[in-house]
1. For segment 58-129, give the magnitude of the charge dipole about the Cα centre (Cβ charges: +1 Lys/Arg, -1 Asp/Glu; no others), in debye to the nearest 20.
2. Efficiency by 1/(1 + (r/R0)^6): what FRET value for H263 and E85, r their Cβ-Cβ distance, R0 = 35 Å, to the nearest 0.05?
3. Putting +1 on Lys and Arg Cβ atoms and -1 on Asp and Glu Cβ atoms, find which of L23, G347, G223 reaches farthest to the positive end of the dipole of the chain.
4. Could you list the trypsin sites (Lys or Arg not before Pro) in segment 28-114 that lie in coil according to DSSP, counting only those with at most 15 other Cβ atoms within 10 Å of their Cβ?
5. Tell me the mean residue ellipticity at 222 nm calculated for the chain from its helices only (DSSP H runs of n ≥ 4, each -39500 (n - 2.57), averaged over every residue, nearest 500).
6. Relative contact order for the chain: what percent, with Cα pairs under 8 Å and sequence separation of 6 or more?
7. Under 20 Å Cα-Cα from K29, which lysines qualify once same-chain neighbours fewer than 8 residues away are excluded?
8. Farthest toward the dipole's positive end in the chain, which of P34, V184, F316, given Cβ charges of +1 (Lys, Arg) and -1 (Asp, Glu) about the Cα centre?
Amino acid sequence: MPEPTVRWVGGLDGHMEIIDQTLLPTEHKVIACPTVEAAWEAVKTLRVRGAPAIGVAAAMGVVVGVQHVPDDEDAVHQAVARTCEYLATSRPTAVNLFWAMERMRRIAAEHCGEGARAVKEALLAEAKAIRDEDADMCRRIGDTGRHLVVEGCGVLTHCNAGSLATAEYGTALAPLYRAHEAGVTFHVYADETRPLLQGARLTVWELMQAGIDVTLICDDMAGMIMREGRVDLVLVGADRIAANGDTANKIGTYSVAVLARHHGVPFYVAAPSSTFDRALPSGDGIPIEERGAEEVTHGFGRQTAPEGCKTYCPAFDVTPADLITGIITERGLIRPPTRETIAAILG
């Protein structure tokens, strides 16, 4: 079982801990987030990343925001609202962050009138429940998609959607973990995923730790290995999925989907039901976070572009539903993804 990416240590007087993913793969370090500001910084700077893991961290961040508030119920409710508003400014694209905070607001409202201590305890229980539910969903996503990973196949993945991006197992990597546990032999090709190299730093590290056969490739090699017949299946995660199946994921995912369609390779998205934003009719309404220019011009601290050059650095892109073979969820396989098939599976 992979080490938890996000966890709560102790009781109401405890704290949140995360694996600092900015240090991987050369250093494995668990750090504490004892303040709301530390939780916000961890999400913003990608110390914790991946839509489900961000949701768990946000929920636990709300607990951090109220745990030291005096035992006055009005003050606790005000702290919940203030903390949720603040954490919402960290990253705009991953819907799980907002979904988790809405759950925390709702649980606080449900316990209104029971006293400050009761509200705090309820918030901690809800944050732990969100974490445990995500772990369970990831296992079920793995069970839903395991049959797609057949003996001897080649799988391409982009960015990191494994245990480091979730509570356990991951989304896109969950079918791989379940197939591996069942004794299926297969090979994974991991895109490096520029500009922050989550595929190289995180996915390859994670799969090697699990004993899964993996090869790292540059992003611009994906088309070549598909043409050579090395890829039988593409598996990626998602940060937000619209009602029609349009999917936002790490920048470069759309390009992989276009290449997969050209080469006749099935392209699957794996995500929990919490990643669906059915209030958005299509991907046109998904807000796309733009990162700082330094991630392109000074990757990992070294200047690689002329001083003062113009940059464009969206963190995500949107893959249209018609390029997606199916969406693997904890409730079943949505294939093909349409407004109607999504509604049929998710209810």
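1. With Lys and Arg at +1 and Asp and Glu at -1, about 360 debye.
2. On the way: r = 46 Å, r/R0 = 1.30.
Computed FRET efficiency for H263 and E85: 0.15.
3. Farthest along the dipole direction, towards plus: G223.
4. Details: sites: K29, K44, R47, R49, R82, R103, R105, R106; in loops: K29, R47, R49.
Here the trypsin sites (Lys or Arg not before Pro) that fit, given the DSSP loop and packing criteria, are K29.
5. Details: 11 runs with 130 residues, N = 347.
Result for the chain: -11500 deg cm²/dmol, rounded to the nearest 500.
6. On the way: 755 pairs, mean separation 54.0, N = 347.
RCO, the chain: 16 percent.
7. K29 reaches K44.
8. Looking along the dipole axis, the top candidate is V184.
None of the figures in this text is laboratory data; all of them are computed from the coordinates on show. Quick caveat: nothing in here was measured; it's all calculated off a predicted structure. Counting neighbours? That spans all protein chains shown, and the Cβs are built from the backbone with ideal geometry, glycine included.
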